[in-house]
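See structure below.
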Amino acid sequence: MSEQSFYYSKNPNVESDPITWNFALLGNNLVFTSDNGVFSKHTVDYGSRVLVNHINYDLIPDGKLLDMGTGYGPIGISIAKAFPDRQIDMIDVNEVALALAKKNADANRVDNVHIFESNIYEAITDQYAAIVTNPPVRAGKKVVDAMISGAVDHLVDGGTLTVVLQKKQGAPSAKKLMTELFGDCQILKRDKGYYILQSIKKS
């Protein structure tokens, strides 16, 4: 498979073969259309499910949320549907994924989202109450580390960074990096090798 075929490339060189399916997240029955060239085409991946179910939403201060590396949108859309008073920015580098995320937001009647292209934080100018991500581990440690380290400048004081990673795909090193950057990193949940890591930006 060429680099251009991977889900973390800007325009995956794949033949379109879309499918639509239903999935329940955060108490809502949602419908998603996915396609070749996006991560976890056939169902909401296990890591994303564990992430949205174990974010400490009560801890998040007022303000917008950022879903970094949104893919076809299951994380951002499920949070936006469950918390209609919150504005969610959903970003990705993958044009196929962004088109699907917009379609899925419309299909689920979610209008409190802004979906746009950004390579990590390149197009981000705002600060957020929370940043959530299921990072593209196949893109490499450098990309994952940049997604984590860049969060410091894009969180309000008291804002949270929540990341899901498998233990075998870098959770321990990500925890170490988050501890260095934020002074602390909690493991909110361990589930089938997935770690939900959270740090809070201190004032």
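The values are calculated or read from the model by the stated rules, or taken from the named source; none is laboratory data. Quantities reported herein were computed from a predicted structural model and do not represent experimental measurements. Every residue, glycine as well, gets a Cβ built from its backbone with ideal geometry; the counts of neighbours run over all protein chains shown. To get the accessible areas, we keep the full protein, side chains included, count just its heavy atoms, and leave off ligands, DNA and RNA. Shrake-Rupley method; radii C 1.70, N 1.55, O 1.52, S 1.80 Å.
A few notes on this one:
- Test: residue in region 143-157 that is more than 23 Å from ILE55 (Cα to Cα) and surrounded by fewer than 17 Cβ atoms within 10 Å (Cβ to Cβ): no
- Candidates in region 171-203 are the residues that are basic (Lys, Arg) and not in a strand (DSSP E or B); of these, the one that is most open to solvent (accessible area, probe 1.4 Å) is LYS192.
- Restricting LYS64, LYS41, LYS81 to those that are of a type in the set (D, E, K, R) and modelled with pLDDT under 90 reduces the list to LYS41.
- Criterion applied to ASN104, ASN28 was being farther than 27 Å from LYS141 by Cα and more than 17 Å from the chain's Cα centre (by Cα), and the one residue passing it is ASN28.
- Count of region 67-78 residues, restricted to those that are modelled with pLDDT of 95 or more and aromatic (Phe, Trp, Tyr), is 0.
- Test: residue in region 129-139 that is among the β-branched types (Val, Ile, Thr), within 14 Å of the chain's Cα centre (by Cα) and part of a helix (DSSP H, G or I): yes
- Yes/no for ASP35 being touching a Lys or Arg at 6+ places or on another chain (Cβ under 7 Å) and on the phi < 0 side of the Ramachandran plot: yes
- Scanning region 158-170 for residues that are over 15 Å from the mean Cα position of the chain (by Cα), crowded, with 17+ Cβ neighbours inside 10 Å and under 19 Å from LEU59 (Cα atoms) gives a single hit, GLY159.
- Matching residues, region 44-101, being among the acidic types (Asp, Glu) and more than 15 Å from the chain's Cα centre (by Cα): ASP58, ASP62, ASP85, GLU95
- Any hit, region 37-52, residues being in contact (Cβ under 8 Å) with a residue 60 or more places away in the chain and among the polar types (S, T, N, Q): yes
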